[in-house]
1. Determine ³J(HN,Hα), in whole Hz, for all residues of segment 43-57 in sequence, where each value follows from phi through the Karplus function 6.51 cos²θ - 1.76 cosθ + 1.60 and θ = phi - 60°; x replaces Gly and Pro.
2. Subtracting the Cα-Cα distance from 0.36 nm times the residue separation, let me have the gained length for GLU45 to ALA66 in nm, one decimal.
3. What's the local net charge at THR142, with K and R +1, D and E -1, over the other residues with C-beta under 13 Å away?
Amino acid sequence: IRVFHGKFHESLQELRAAGVGAFANILDDDPHREVRLRLKPAAMEKLSWQKDTARGDGAESSITFALPKLNWVSGVRIRYQHSNSKRGPAYYRYSPSLTPYFLVEWRKAGETEYDKANRYLDVENNVGPDAEQTVTIWVQGTIDQLRIHPDRQPFECRIAEITLLVPE
């Protein structure tokens, strides 16, 4: 199973711990080693990057990070702060064209395009300069790039850390 949202994963673990039905049989997560990715962009589209902060105009803005070598990656953990003109929690279901979002795509090794199946969209993020958050994205594959689209409206996004979770 691929888990794309940390809250979902946490809920499954809570059901397991409580011994609820079939959830009691969920296996432990495989052990992972954390490898910190250097925050040096490989490519940028319609944004500026200074130190660890991207500033852009919206949906066409993206920043790409290349992985240093080809390895199997179980997951990616991104710690970031994000703000835009709305400066409030984002709930996609209420206003899909206006809410901030944080879109991450990953490209599998040997491919030239990003597959729409390999993306994570966080639409329930907390927005604001003091609202740091962490997302864990389970990718389960050999990937060579991560591309982040911080928002579809003018934004500022500080990426504090990108960590690859690789099997031990």
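Every number in this text was worked out from the coordinates using simple rules, so none of it is lab data. These numbers were taken from a predicted model, which means no experiment stands behind them. Here Cβ is always computed from backbone atoms with ideal geometry, including for glycine, and neighbour counts include all displayed protein chains.
1. With the stated coefficients, segment 43-57 comes to 7, 9, 10, 6, 7, 10, 10, 9, 6, 10, 10, 9, 10, x, 9 Hz.
2. Details: separation 21, 0.36 × 21 = 7.56 nm, distance 1.47 nm.
Full extension of this stretch gives 6.1 nm more.
3. Details: positive: LYS69, ARG107, LYS108; negative: GLU111, ASP144.
Once all neighbours under 13 Å are counted, the net charge is +1.
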